[in-house]
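Each remark here refers to the structure printed beneath this line.
The values are calculated or read from the model by the stated rules, or taken from the named source; none is laboratory data. Please read all numbers here as calculations on a predicted model, not as lab measurements. Neighbour counts run over all protein chains shown; Cβ positions are idealised from the backbone, glycine included. Each accessible area value is taken on the protein alone, full model and side chains, heavy atoms only, with ligands, DNA and RNA left out. Shrake-Rupley method; radii C 1.70, N 1.55, O 1.52, S 1.80 Å.
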Amino acid sequence: MFNNYYSISIPCGKKLKNVVVRAKDEKIDFVEGINEISTIGKIKKLNFNCQYIVLLPADSLFYHSVVLEEKNPYRISEDNILSKFAEVKENFAEEFYYDYLEIVSDKTKAREIKFFAAPKNMLDPITETMEKHKNNFLVSALPVAVFSIVNKIVSAKNYLLYYKINKNYTILTSIDNKLGLLQSAIKKEDLKNEINKTKKYYLNNKGIELEVLEGNSDLLNLGDYLDLKADDFVFLTSLFWSINKCQ
């Protein structure tokens, strides 16, 4: 029965926002609701038998994108990729945990690497108590979790999505079902201007109209089932993504 429990934590400042839920028979129940915790560890009687997920907000990530020009189009060495980022961040491999996505343009066949990394000194204290239980926890990027869920439920091919996390906003774009622009820590008073600049850039440079979507629980059509605040959207999307990943 413990395999049905999930703990989702998102770093917010010096604290972690956490929610524990039970998923059974296609029904999701919150064990307590959204709480603030100082560290990830034993959660009541669940111990380490539940699945723990840590999702890092955009402002906690080092995000960079580069175009690769390889002589052999079928081989990319990790050393070659890291050398691209050593120019931006010294001692990159020693100071960051990282992952990357390779994207090949359908039109130009250009190869682009989208690089996500998190400082080790931020992640190590969070996951220290979980090291003996590596199969029970997952660390990933919150923007990826939000994007993967929203992309399944919206009909728009190209859109801009903004959502609130830790009192500020993050902007994502989806172009041909690919995660695009990532901006974070945008203050409320600057949000409209950033949205307009992004829309103008894509329209002027790529000829693409972006539908603007607000990330809130209404977007998930859950109003009849869950009574949640709009800024709890990130926990709902994270929850659905996490359960999908862990099953």
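Estimated from the Cβ-Cβ distance and a Förster radius of 41 angstrom, the FRET efficiency linking LEU82 and VAL212 is about 0.70.
The ALA93 and MET130 beta-carbon pair, evaluated with R₀ = 25 Å, returns a calculated FRET efficiency of approximately 0.65. Give the calculated FRET efficiency between TYR63 and ASP25 to the nearest 0.05, with a Förster radius of 51 Å applied to their Cβ-Cβ distance. E between TYR63 and ASP25, to the nearest 0.05, is 0.85.
With 25 Å as the limit, the listed pairs LYS188/LYS245; LYS17/LYS164; LYS120/LYS192; LYS15/LYS188; LYS14/LYS157 have LYS188/LYS245; LYS120/LYS192; LYS14/LYS157 beyond it between alpha carbons. The label point for TYR201 and the one for VAL154, both projected 7 Å from the Cα toward the Cβ, are 1.6 nm apart. Among THR39, THR127, the sequence by solvent-accessible area, most first, with a 1.4 Å probe is THR39, THR127. Ranked by solvent-accessible area (1.4 Å probe, protein heavy atoms only, all chains present), the residues ARG22, ARG111 order from largest to smallest as ARG22, ARG111.
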